[in-house]
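FYI, it's all coordinate maths here, none of it is from the lab. Just so it is clear, the model here is predicted, and its values are computed rather than measured. Cβ atoms come from the backbone with ideal geometry, glycine included; neighbour counts cover every protein chain shown.
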Amino acid sequence: MKILVTGSAGHLGEALMRTLRAEGAAVLGIDRLPSPYTDLVGDIAEPAFVRGVMSGVTQVLHTATLHKPHVETHTRQAFVDTNVVGTLNLLEGAAAVGVAAFVFTSTTSAFGAALRPPPGAPAVWVDETLAPVVRNIYGVTKTAAEDLCELMHRQTKLPVVVLRTSRFFPEDDDDPSARTLRSQENIQANEFLYRRVDIEDVVDAHRVALREAARIGFGRFIVSATTPFTREDCPALGRDAAAVLRHRVRGWEALYARHGWTPPETLDRVYDNRAAREVLGWQPKIDFAAALARLNATGDLRSPLAQVIGKKGYHRKAQTIKR
């Protein structure tokens with residue numbers, strides 16, 4: 001068994017490479033950037049490169065992507081080349097050699113404008129039935145890549161699992177107004193309530209997806225920490241999230257007070273991972289309460305894996321933007 005990991009220099013790619021190598025798995029890491037976890041440097045948008053790396057590969061973990069922050073520094077064509085053409089090349093290469101499982105790392109950002117209710121409206125309950133409303137080139141290319149995954153499964157029977165991951169990066173919030181109200185740790189602790197996941201749990205979701213892909217055939221799953229909230233909480237979350245939190249979770253207030261933190265006033269969305277737990281069989285370990293328990297015990301919200309990877313940054317090279 002030989003596992004191909006694309007985007008091996010990135011947060012998730014490195015996390016997967018570290019974990020799989022530590023377990024003694026045969027793994028090949030590829031990326032456009034050299035790194036200690038990149039075995040071959042190349043561009044997945046180049047068909048010849050992809051065909052070359054597929055020799056002997058039995059499973060694929062496709063994490064390589066341009067991310068939402070790259071919208072400010074990269075052209076739309078760059079997004080299409082990496083996120084769409086690159087994914088198509090990998091799918092075709094995987095189908096050609098008959099890999100047993102293809103796991104595509106997508107994003108909850110693919111839901112786009114569907115995540116944002118009007119002011120004063122209930123929070124959006126986000127599960128796999130919510131229809132995406134794309135709002136930028138990142139979302140366009142990720143949803144297109146997901147659709148390519150589904151098409152390839154239908155046409156070739158390639159087992160493909162799409163994982164729509166929520167936030168797991170340690171970088172500062174991309175909303176400047178949010179950073180003026182709370183510390184980064186406070187923001188990320190709050191996010192475990194509704195839109196964050198620990199990278200160790202993300203790695204585990206990918207490993208489960210590899211194991212279960214043949215059974216699933218094709219599926220899309222939201223990968224986020226298990227929320228303490230219910231769908232019935234959505235109207236109240238849109239008005240007073242702190243009150244709902246006090247009702248649903250015990251023991252957080254003293255820790256928040258000690259750190260000078262505040263809970264969210266309102267929430268606009270809640271990610272529901274039920275399908276990933278019940279259909280895929282993924283069992284995340286870190287939720288809001290577990291993250292706070294780790295903070296209380298170690299002084300750090302982050303898992304050991306997140307700590308060792310650290311921050312990588314997004315803007316390696318600015319490009320001329322074509323709008």
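Tabulated data for the structure shown
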{"read-out": "Where N is the number of residues in the range 191-323, Cα Rg divided by 2.2 N^0.38 Å", "value": "1.24"}
{"read-out": "Candidate aspartates and glutamates - alpha carbon under 19 Å from K2, same-chain residues fewer than 8 apart omitted", "value": "E14, E23, D31, D39, E92, D204, E212"}
{"read-out": "Lys, Arg +1 and Asp, Glu -1 on Cβ, resulting dipole of the chain about Cα centre, debye, nearest 20", "value": "120 debye"}
{"read-out": "Extension reserve of the K285-Q77 stretch, reckoned as 0.36 nm per residue once the Cα distance is removed", "value": "71.1 nm"}
{"read-out": "In degrees, nearest ten, helix 288-298 long axis to first principal axis of the chain (Cα)", "value": "90 degrees"}
{"read-out": "3J(HN,Hα) from dihedral phi, the range 184-198, Karplus parametrisation 6.51/-1.76/1.60, rounded to Hz, x for glycine, proline", "value": "4, 5, 4, 4, 6, 4, 4, 5, 5, 6, 8, 7, 9, 9, 6"}
{"read-out": "Rounded tilt (10° steps) of 137-156 against the dominant C-alpha axis of the chain", "value": "50 degrees"}
{"read-out": "Virtual spin-label span in nm between S183 and R258, 7 Å along Cα→Cβ", "value": "1.3 nm"}
{"read-out": "Among 246-258, 42-54, 97-109, the order from most to least packed when residues are scored by Cβ within 10 Å on average", "value": "97-109, 42-54, 246-258"}
{"read-out": "R269 long-range amide H proximity, modeled H, under 5 Å", "value": "V124"}
{"read-out": "Two-decimal log10 I(q)/I(0) for the chain, as the Debye equation yields it once each C-alpha is a single scatterer, q = 0.10 Å⁻¹", "value": "-0.56"}
{"read-out": "Extended-chain gain in nm, criterion 0.36 nm per residue less alpha-carbon gap, L151 and A242", "value": "28.5 nm"}
{"read-out": "About the Cα centre, charge dipole magnitude for the range 166-323 (Lys/Arg +1, Asp/Glu -1 at Cβ), debye", "value": "500 debye"}
{"read-out": "Dipole of the chain, positive end: most advanced residue of G42, P170, T227 [Cβ charges, Cα centre]", "value": "G42"}
{"read-out": "Descending principal axes extents, the range 90-177, alpha-carbon based, whole Å", "value": "50, 28, 20"}
{"read-out": "In nm, spacing of pseudo-spin labels at T129 and D300 (7 Å Cα→C-beta vector)", "value": "4.1 nm"}
{"read-out": "Amide hydrogen neighbours beyond the local backbone of I222, cut-off 5 Å, H modeled", "value": "R164, A276"}
{"read-out": "Mean residue ellipticity (222 nm) of the chain, computed from DSSP H runs ≥ 4 via -39,500 (n - 2.57), nearest 500", "value": "-11000 deg cm²/dmol"}
